[in-house]
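Q: Provided herewith is a single structure, encoded as C-alpha cells, for subsequent inquiry.
The values are calculated or read from the model by the stated rules, or taken from the named source; none is laboratory data. Here the structure is a predicted model, which means the values were calculated and not measured. Ideal geometry is used to build each Cβ from the backbone, glycine not excepted, and the neighbour counts take in all protein chains shown.
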Amino acid sequence: MNTKCIVLFVSALGAAAGALHAGPRTSANYNILTDALDYGGVTASSANYQNAGSAGLIGGIASTASGAEVNKSGYVGQLVFGGSVVPINIVSRKVHGPGAFDIALPLTGAAGVECRRNTGADSSGPNAGRDHEVIVTFAKAVTVAGASVTSGVMGDMSTATFSVSSNVVTVDLHNIVNARRLTINLTNVSDGTNTSNIGIPMGVLLGDTTGNGIVNSSDVGQTKSKSGQAVDASNFRTDVTVSNSINSSDVSIVKSKSGTALP
C-alpha cells in the first residue's frame, strides 16, 4: 500500500470516529451538549426537550417523552428497562372510637411495629373479625392474585385475606401470635403494565408503644404519662386496648408485657 492510500485510509477512520462520538451540536432548533451511539452521552437539552442521556435508537427499549421534540432522529428520552409495582403507602390500621389511626409499615429500614391488641376475638365493633388490618395504597388501580402472611416460626397458623378497591388493597390478618416479625406477601400485583410480588415487613409486639421492638420501662412510663388524655394522632399507640380511652387498663397490659421483644 503506498503512502497516499495510507493517508486516505487514516482520514476515513478519523471521520468514522467523529460520527460515533460527536462534539457539541447546535442549530436554530436544538443544542446537544454531548451525543454518542453507545448510550455513553451525558445530558442533552434544548428549549424544546431534555434527555437524561442521549443514545442512538435501540430496538426494544421504551422511552419516555420529555418535551415536544424529544423524538428527534437518533435520540430517545429517558430509558426504561422494565418496571415494578411499588406501593406509595402502607399502614396498619385500627379504629379507636370514631377515628382510625395508622402505624406506618415502611418497605425499607426498620419495620413498623403494631403495638395494639389483636381484635380477632371481638364479637362486635369496627375491628372485629381480624387481628390486624393492613392497608396498601398504590398510585394506580391494581389487581392482586393472592395474599399470605409468614412469621418464620414453625407451628404458627397465621393467615391473610384480602380485598381490592381500585388502587387500595386491604389485607386482614388472622391467628397472629404476639412478638413476631411478619412478612405480608402480595402475589402478582399488576397495574396493567407491570407485575410484581411484594413482601411487606411488619412487627407485632403488644405494648411496644415506643415502637423500638422491645417492651420496657420506657413504654410503661409513656403510657402512664398519657393516661386520662383523649386519644388522638399523638398518643393513640398508648391506647393498646383500642378502647378509645387511655387508662389503667392500658398501663396494666404494657406492664404485663415488659421484657418481651421482637425476635
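Q: For the structure I just gave you, tell me whether GLY59 is part of a loop (DSSP other than H, G, I, E, B), farther than 30 Å from THR238 by Cα and modelled with pLDDT of 50 or more. Walk me through it before giving the result.
A: Numbers: part of a loop (DSSP other than H, G, I, E, B): yes; farther than 30 Å from THR238 by Cα: yes; modelled with pLDDT of 50 or more: no.
Judged against the criteria, GLY59 is not a match.
Q: Find the residue count for the stretch 89-118, including only residues that are hydrophobic (A, V, I, L, M, F, W, C), assigned to a loop (DSSP other than H, G, I, E, B) and over 16 Å from ILE184 (Cα atoms).
A: Result for the stretch 89-118: 1.
Q: Suppose we filter LEU186, LEU173 for residues that are over 19 Å from PHE101 (Cα atoms) and either among the basic types (Lys, Arg) or part of a strand (DSSP E or B) (or both); which single one remains?
A: Step by step, each of LEU186, LEU173 is checked, and only LEU186 is over 19 Å from PHE101 (Cα atoms) and either among the basic types (Lys, Arg) or part of a strand (DSSP E or B) (or both).
Q: From the list THR193, THR238, exactly one residue is surrounded by 15 or more Cβ atoms within 10 Å (Cβ to Cβ) and either at pLDDT 95 or above or among the charged types (D, E, K, R) (or both). Which is it?
A: THR238
Q: Out of the stretch 201-256, which residues are of a type in the set (D, E, K, R), more than 11 Å from ARG116 (Cβ to Cβ) and not in a helix (DSSP H, G or I)? Reasoning before the result, please.
A: Taking the stretch 201-256 as the starting set, the residues that turn out to be of a type in the set (D, E, K, R) are 208, 219, 224, 226, 232, 237, 239, 250, 255.
With the extra rule that they be more than 11 Å from ARG116 (Cβ to Cβ), the set shrinks to 219, 224, 226, 232, 255.
ASP232, the sole residue that qualifies.
Q: What single numbered condition from (1) β-branched (Val, Ile, Thr); (2) surrounded by fewer than 17 Cβ atoms within 10 Å (Cβ to Cβ); (3) within 21 Å of ALA111 (Cβ to Cβ) fails to hold for THR161?
A: (3)
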